[in-house]
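Remarks on the structure that follows.
Laboratory data are not the source of any read-out in this text; all were calculated from the coordinates shown. Please read all numbers here as calculations on a predicted model, not as lab measurements. For neighbour counting, all protein chains shown are included, and Cβ atoms are generated from backbone atoms with ideal geometry for every residue, glycine included.
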């Protein structure tokens, strides 16, 4: 009898996420991306690109981080010239975050890298199997979001 516990689905997901993060980092290094483009910063920029502009509090909620943490990310993106802050015409207290002109092609280029990596990673899976896996992961994501799984131990 083995003393090691059986590898769980979550164990496998962590392993897969780690492999994907390393592959993305490597491809971005090959493309000579700025060190200012980290995974979380890239996710923030993708999130903003979808809507054109967003309140910082909405970005924080979408990413599952505290507003104070989001402020630090936005400060660093602004310092790197990737985002601009502007007034919200509907709420004088709120600030809207918008991608800079320089950031848009960069974000689109990283989307291309991700799409190419997706093809590479899923090449060994048949199309029917991939559809089933994708649907199962979507269900798990929706279920997790409905249960409002805390994003950090402090929020539990």
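So what is the relative contact order of the stretch 23-115, in percent, for Cα pairs below 8 Å that sit 6 or more residues apart? All intermediate terms of the calculation are to be shown ahead of the outcome.
On the way: 86 pairs, mean separation 28.7, N = 93.
Here the relative contact order equals 31 percent.
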* the chain - percent relative contact order, Cα under 8 Å, separation 6 or more -> 20
* Structure fact -> For the chain, longest principal axis from Cα atoms; helix 127-146 axis from its Cα atoms; angle between them, nearest 10 degrees, is 60
* Asked: Against the longest alpha carbon principal axis of the chain, how many degrees, from 0 to 90 and to the nearest 10, is the axis of helix 9-30 turned?
  -> 50
* To do: Would you look at the GNM of the chain, springs on alpha carbons closer than 10 Å, and say which of 134, 69, 47 moves the most?
  => 134
* **Distance between modelled label sites at residue 121 and residue 31, nm, 7 Å Cα→Cβ extension** => 1.5
* Report the normalised scattering of the chain as log10 I(q)/I(0) at q = 0.15, 0.17, 0.21 Å⁻¹, calculated by the Debye formula with identical scatterers on the alpha carbons. => -1.01, -1.21, -1.44
* Structure fact -> In degrees rounded to 10, the 0-90 angle between helix 103-122 Cα long axis and the longest Cα principal axis of the chain is 10
